[in-house]
Amino acid sequence: MSDEFNYIDRIAGLIIKHHREEITELEYRELMEWRNLSEENRLLFEKLSHSDSVRNELKQFPDIQASKKAGWDKVISVIGEEDAAILPVIGRRIHRTRYFIAASVAGLLVTGVWLYTKYKPVIKSDISPALASNFKNDVAPGGNKAVLTLSDGSNVVLDHADRGTIANQGNARVVKLNDGQLAYNNALNEKPAALVYNTLTTPAAGQFQVALPDGSKVWLNNASSLRYPVAFTGKDREVELKGEAYFEIAPNPHQPFKVKVGETLVDVLGTSFNISAYADESNIKTTLLSGGVRVSSGDAHTVLKPGQQANVNDAGRLKTLDDVDTDGVVAWKNGLFHFEKADIKTVMRMLARWYDVEVMYEGEVPERQFNGEMERKLNLSQVLGILQKNQVRFELDGKRITVRR
């Protein structure tokens, strides 16, 4: 088994070097070859990219049986007895698979916890001299920024507003709860004399959360807007979305919730789902996490089950996808960029919206695919530095990124 254990140690060591930014180009290629060998390797590598994911996985991952004790002991010898003491107790539900796979997965999971315990933050905040020559400046990440347009057309810049009541709309008080959260409070539970609408708009490099009058919660991504009434008084609860948002809808079978996105309509009873409808993307994507929604486009419609996604293209054609990675879809809400077989233009559109920058391409567009996750709180130089490991060059000058092959 010595060759197998050496392989475990080798991959675990490469993962540590990768997150400490000490990996060479040849070692990085070797790590990516391992990562691309199977879907299991890809998922494991991505989970090791975020400490909470590693801990959650360890709570569910089975213990190594007595027959596999040698593999576990080998892992302990790598990380040391002191570091091993931090590991949580895990259950005894392992499926009898090949010894090599079980030992490899266990070794990598343990290494992941050790890595994040010993080397936070994962990515260094400084820029290497080689990267600094391409970056004339740096750009900070986006944050909690939004503008609330009231019924009379006046605007309130929420990132500058103090906590507490910021406006009265109809019979509702508009309250800023904290940095990044807005809520509506109708203490008398009265219906307004007329329907009153507000619009919450996030700029590029902005995000915000709002609790709607019915208790539903909406997380609004960057460069997006949500138009909604300050009280739901009709037979439906209807809002209008541009851009991207994640919804957690308060159930009310007597008053269905609807989201209008251009000519696409999403009907909801009580559920959680994500809608991505940016103008510069080719499809409107509705992804269901729990409950049920009905997506309609023209005469076509589909009822989604959890884990499914409805895609509506520019021509209004509707297609349903199964077994969607829902964690990846809502990664933005949890402070992460998520790339899954993403080409360079898809990646750069995401960065352009979050960092409020312009992207230019010099020469032929690089044909690369990007997979994995990165924290959205990183400065732009850090993100570009990581992406450059995939044989793409970037120059950053002011608010402009130039992409070169």
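The values are calculated or read from the model by the stated rules, or taken from the named source; none is laboratory data. Worth saying up front: this structure is predicted, and the values here are computed from it rather than measured. All Cβ positions, even for glycine, are placed from backbone atoms using ideal geometry, and neighbour counts span all protein chains on display. SASA here: full protein model, heavy atoms, side chains in, ligands and nucleic acids out. Shrake-Rupley method; radii C 1.70, N 1.55, O 1.52, S 1.80 Å.
Applying 1/(1 + (r/R0)^6) with R0 = 35 Å to the Cβ-Cβ distance of Ala279 and Asn185, what FRET efficiency is obtained, to the nearest 0.05?
Step by step, r from the Cβ atoms, then E = 0.60.
If you count only protein heavy atoms with a 1.4 Å probe, what accessible area per residue comes out for the stretch 143-225, rounded to a whole Å²?
Here the per-residue accessible area is 47 Å².
So which trypsin sites (Lys or Arg not before Pro) in the stretch 205-293 end up in coil per DSSP with only 11 or fewer other C-beta atoms within 10 Å?
Lys235
Translational diffusion coefficient, Stokes-Einstein: compute it for the stretch 205-324 using the Kirkwood radius over C-alpha pairs as Rh, at 10 °C and 1.306 mPa s, and state it as an integer in µm² s⁻¹.
Result for D is 112 µm²/s.
Going by average Cβ density within 10 Å per residue, which order do the peptides 201-214, 348-361, 293-306, 160-173 take, highest to lowest?
Result, highest mean Cβ count within 10 Å first: 201-214, 348-361, 293-306, 160-173.
Measuring from label point to label point, each 7 Å out along Cα→Cβ, what is the His254 to Arg368 span in nm?
5.7
Write down the radius of gyration of the stretch 253-405 and its Dmax, each obtained from C-alpha positions, in Å.
17.5, 57
Between Lys389 and Ile166, 0.36 nm times their residue separation minus their Cα-Cα distance comes to what?
Extending this stretch completely gives an extra 75.6 nm.
So which of Lys345/Lys399; Lys176/Lys217; Lys258/Lys341; Lys260/Lys319; Lys305/Lys341 end up more than 21 Å apart by C-alpha?
Lys258/Lys341; Lys305/Lys341
Hey, what's the stretch 240-353 come to in accessible area per residue, 1.4 Å probe, Å²?
Result: 46 Å² of accessible area for each residue.
Contour minus end-to-end for Asp236 and Ala194, with contour as 0.36 nm per residue of separation and end-to-end as the Cα-Cα distance?
13.6 nm
Give, in nm to one decimal, the length gained when the segment between Thr320 and Ser38 is fully stretched (0.36 nm per residue of separation minus the Cα-Cα distance).
99.0 nm
Pull up all non-local amide H partners of Glu244: gap of 5 or more, or a different chain, and H-to-H distance under 5 Å with H placed in the peptide plane.
For Glu244, whose amide H was placed from the backbone, the distant partners under 5 Å are Asn221, Ser225, Ala277.
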